[in-house]
1. Name the one entry in Ser27, Ser76 that is surrounded by fewer than 10 Cβ atoms within 10 Å (Cβ to Cβ), among the hydroxyl-bearing types (Ser, Thr, Tyr), modelled with pLDDT under 80 and within 36 Å of the chain's Cα centre (by Cα).
2. Of the conditions (1) part of a loop (DSSP other than H, G, I, E, B); (2) modelled with pLDDT of 90 or more; (3) under 52 Å from the mean Cα position of the chain (by Cα), Arg62 satisfies every one except a single condition; which number is it?
Amino acid sequence: MNNLRYLRLTGVVGALTVLSGCAANSSQTSAAATEADRIAEQQRMISTQEAQIERLQSDLSRANRSAASATQTSSSSGMNTDLFPPNPKAGECYARVLIPAKYSTSTERVLIKEASERVEIVPASYKTVN
């Protein structure tokens with residue numbers, strides 16, 4: 001009876017050993033390590049892309065600011081503002097005076113090609129006479 005109990009206990013311990021050995025094999029731990037490496041790589045890629053997005057956004061905002069200042073500068077010094085008085089005051093009336101452009105017609109003689117002299121040498125021809 002004691003032997004029977006000992007055999008059962010040995011069988012149960014053996015079965016538990018086999019089952020616990022199957023629960024944590026090396027392929028699962030290596031798969032978990034591979035998964036962790038893949039996640040870490042993706043996080044590095046995400047942080048790199050976020051840094052690039054931040055840099056591009058700052059470049060875009062800088063370009064927008066410079067374009068706005070260039071537009072403001074060109075509008076303040078453009079031709080349209082030349083038509084208005086420099087320091088208008090409230091209650092005073094200013095008139096715009098537009099002076100049309102004056103055109104004149106003139107003829108001009110243009111030399112296409114300078115005068116040149118052409119010298120042509122014709123070789124002599126000889127004939128025998130009887």
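1. Ser76
2. (1)
The values are calculated or read from the model by the stated rules, or taken from the named source; none is laboratory data. Here the structure is a predicted model, which means the values were calculated and not measured. All Cβ positions, glycine included, derive from the backbone under ideal geometry; neighbour counts span all protein chains shown.
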